[in-house]
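Every number in this text was worked out from the coordinates using simple rules, so none of it is lab data. All figures in this text were calculated on a predicted structure; none of them were measured in a lab. Don't worry about glycine lacking a Cβ; one is built from the backbone with ideal geometry, like all the others, and counts go over all protein chains shown.
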């Protein structure tokens, strides 16, 4: 049935999953509503965390509004830049966000720059702000991925695994359909179905785990240092995206290559942040040993 989304091995069949709702004759995409919900709840979460950690939640409200606007713009620019072969021939579609087309790493870059400028103006500690904002960011990513669910996008190649997702062939973009999907095409009634990895779901679940780790570090005040939460976010999110990106069929590629942009960026982020976390851990251990030695010598 067209418009349906199924998870056959879980016994779940969702019929008539809509892509948009009509309000006064104007179509509002579910993708946009999910992103809006992710952004609003992410800002509220960050404001609450700020209050719990001795900061001013109102500052994060102002920052959140600015960061969202800049991040969406940068996420779109990033996506269009690495899909220029298509958009150069369809210029008006550059401004159409209803069908998706936001790249998270572009949004993260825009958000980090916004935080740095905001902190300079408000005279706030930018590492502390980035740590706090990282929690709201991964929350937003966890929720926002479900926009891909409604759009029937951001899925992987054919699979017959436990979480395999079944979609009508006519509901997805032809450019994202692979030979493997067509080889395992299912026909139920008069409808052709493909069965794929729900990579949006994998990433949402992974981000939930990342969120728990970041919340633990944020609330464990005495043993954390400024910048630790941000580095852990880059490491954990990069690790998850590194393996998930390899499953997707809608990858953005470096021009003239078959190398996925997000795969390369994720690998670099994971490596650099991992080394920085290890370096900080070694330095803290050395400092602790040095202070312990000084204390022992003073006692003698």
TODO: Using only the Cα atoms of the stretch 47-156, construct the convex hull and provide its projected area averaged over every direction, in square nanometres to one decimal.
DONE: 7.9
Open item on the list: If I stretch the segment between residue 276 and residue 9 completely, what's the gain in nm (0.36 nm per residue apart, minus their alpha carbon distance), one decimal?
Closed with: 91.9 nm
Open item on the list: Highest mean first, how do 72-80, 162-170 rank when packing is the count of other Cβ atoms within 10 Å averaged over residues?
Closed with: 72-80, 162-170
TODO: Highest first, please rank the peptides 275-288, 190-203 by the mean number of other Cβ atoms sitting within 10 Å of their residues.
DONE: 190-203, 275-288
TODO: Over the chain, calculate the relative contact order: mean separation of alpha carbon pairs under 8 Å at least 6 apart, over the residue count, as a percent.
DONE: 18
TODO: With all distinct Cα pairs included, what does the Kirkwood hydrodynamic radius of the chain come out to in Å, to one decimal, could you say?
DONE: 21.2
- [ ] Per DSSP H run of at least 4 residues, take -39500 (n - 2.57); add these up for the chain, divide by its residues and hand me the 222 nm value, nearest 500 deg cm²/dmol.
- [x] -20000 deg cm²/dmol
Task: Pairwise centroid distance, computed over Cα atoms, of the stretch 1-69 with the stretch 141-177, Å - done: 18
TODO: Take the Cβ-Cβ distance between residue 162 and residue 192 as r, set R0 to 22 Å, and report the resulting FRET efficiency rounded to the nearest 0.05.
DONE: 0.45
